[in-house]
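Derivation of every value follows stated rules applied to the coordinates shown; laboratory data play no part. Predicted model, so just to flag it, every value in this text is computed and none were measured. Glycine also receives a Cβ, built like all others from the backbone with ideal geometry; neighbour counts cover every protein chain displayed.
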């Protein structure tokens, strides 16, 4: 009992002592934002800002190690405690510097500071996509680390009000870091690849600021203050149809951009747009406003701004194409702004995140090195539409940004071109059909059987993949010669399917026919919509009985009755992503339920020899794999 009493008395005494100490403890007199810290890269050969907070009207002394003055530079905090000090930086070098900052008795020492080029990497998930998930960039994690690239990431964060500091989230606090395996692995793949090429080509340190957040629309990144001063732009932004962020305009800017607005950056690379596809008509206005506002905010009126085109996906109609068109239009009308083509980057059909980011990073670096730094004489702009001329039943299309000639990448047909003629039943519409295309130097001649009076041409103005490049290796930017939004593009080219029959062994399947309205799974109301590759019309199908959630789908065995290809209709999963299976980019169908489009399923092929036996892929899914062939024996 005495021991218990002693313990209680001791505990109370410790509590009183701790409380008294906390009461006497003084609040920090000197606070710095996370973006001003150890390991940072400051923009070289210019005036940069160093800032922080102290007691209101307190005197803050800043002593840069590179400053020749013997006395520290003094600056006074304002009534809210904010102080900002412009200081001159030296030319870029690999020499490390430091800054000593004092306020009252508090001292902060910032070390390992380099002078070089600083770039902002912003956007949504394709910019956020990390190096560790990028197959063609794994060597950056495993290999020797670059000590002259520094990384700063704001993280996935948002706020309803402007924040003076990037908010801390869980255990993560933004800070500058050197290139450790973990830091590189978690950093933006596009951003890091871009930085590596700059550092190597310019031979200077590079600082990269990653401010990206998956699934976010452009209006979330617009400054609230800028919108308040530009009511017309604000009215456009308020028309947002994004379910998650529509009522959170500026929330991304508040937490990711506003806190670092005093930092000096050389330029911005921007990879965003997927979340604005469904209401693409306002995108050009909002993106133009964002560029203007960021240039004002970062005090850099000529700041380079490079836009990555969204890659082909399963966007309906021409919505995705119109978003890309808006991106290209903004780039063409804005100084120091370029568009980076990606219509060759849909490596996995149905995946909104093309996994190979090295090409995108390289094309961005070409823009910076050729356009901004003037370090190369190579053409850094992708070929783009210039004009067209009708030549009888054909159209000759001329392009700009072609130093030598256009070339076709890969074998087979020149893909992506469509030719249009007047709709005889509706003068306000154009009917587009797939065209045969022939490259002739810097131009392309397109025509189609049965089209005698063409009036328009389109290239990849849908979700098709292109294979036309400049000889210098840059993809032709998607375009249309017309401006008719009422006219849909033709479906992408589909190679004529193999006509071989198969023999099927297995249970749990029901026979059906590949056509619009066909029931896709017994016992469910899902049917095939009008969006399906008509080349497979009339093929026989075996549709599987659905299984419960988490259970393995029913399987089966297929025997080829001749040399050719066998097909399945399936989601893209682990088994169907890998050889010898090949998902066909343009061969997809959408399910329909109660008149509404639902999931997307792809036709997936596999080369076979006569008599070859193939086990169908199985996976945990309620639906399972649909068998598809010209004829099916059971």
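Structure notes:
- Relative intensity, log₁₀ I(q)/I(0), of segment 76-198 from a Debye sum that treats every alpha carbon as a point, q = 0.10, 0.21 Å⁻¹: -0.42, -1.36
- Å³ per residue enclosed by the Cα convex hull of segment 251-341: 92
- Estimated [θ] at 222 nm from DSSP helical runs (n ≥ 4, -39500 (n - 2.57)) normalised by residues in the chain, nearest 500: -5000 deg cm²/dmol
- The angle separating the long axis of helix 283-297 from the principal Cα axis of greatest extent in the chain is about 20 degrees.
- Projected-area average for segment 201-325 over all orientations - Cα convex hull basis, square nanometres: 8.6
- Relative intensity of the chain on a log10 scale, I(q)/I(0) at q = 0.08 Å⁻¹, equals -0.70, per a Debye sum over C-alpha point scatterers of equal strength in the absence of solvent.
- Overall size of segment 308-364 from C-alpha positions, given as principal axis extents largest first: 34, 29, 12 Å.
- D by Stokes-Einstein for segment 139-224, Kirkwood Rh over Cα pairs, 25 °C, 0.890 mPa s: 171 µm²/s.
- Projected onto its three principal axes, the C-alpha set of segment 354-499 covers 54, 39, 28 Å, listed from the longest axis down.
- Pairwise centroid distance, computed over Cα atoms, of segment 515-578 with segment 150-223, Å: 42
- Across q = 0.10, 0.11 Å⁻¹, segment 259-413 modelled as identical point scatterers on its alpha-carbon atoms has Debye log10 I(q)/I(0) values of -0.42, -0.51, in the order of the q list.
- Computed on the Cα atoms alone, the convex hull of segment 433-547 gives a volume of 195 cubic angstrom per residue.
- Nearest-ten-degree value, helix 2-24 long axis tilted from longest Cα axis of the chain: 90
- Reducing segment 336-412 and segment 267-285 to their Cα centroids gives an inter-centroid distance of 19 Å.
- Of the peptides 532-542, 81-91, 196-206, the ranking by mean beta-carbon count within 10 Å, highest at the top, reads 196-206, 532-542, 81-91.
- Once the Kirkwood radius over Cα pairs is known for segment 118-372, the Stokes-Einstein relation at 37 °C and 0.692 mPa s delivers a diffusion coefficient of 181 µm²/s.
- Taking the empirical scaling 2.2 N^0.38 Å for compact globular proteins as reference, segment 111-183 has a Cα radius of gyration ratio of 1.26.
- Over every Cα atom in segment 522-634, the radius of gyration and the widest Cα-Cα span, Dmax, amount to 13.8, 41 Å.
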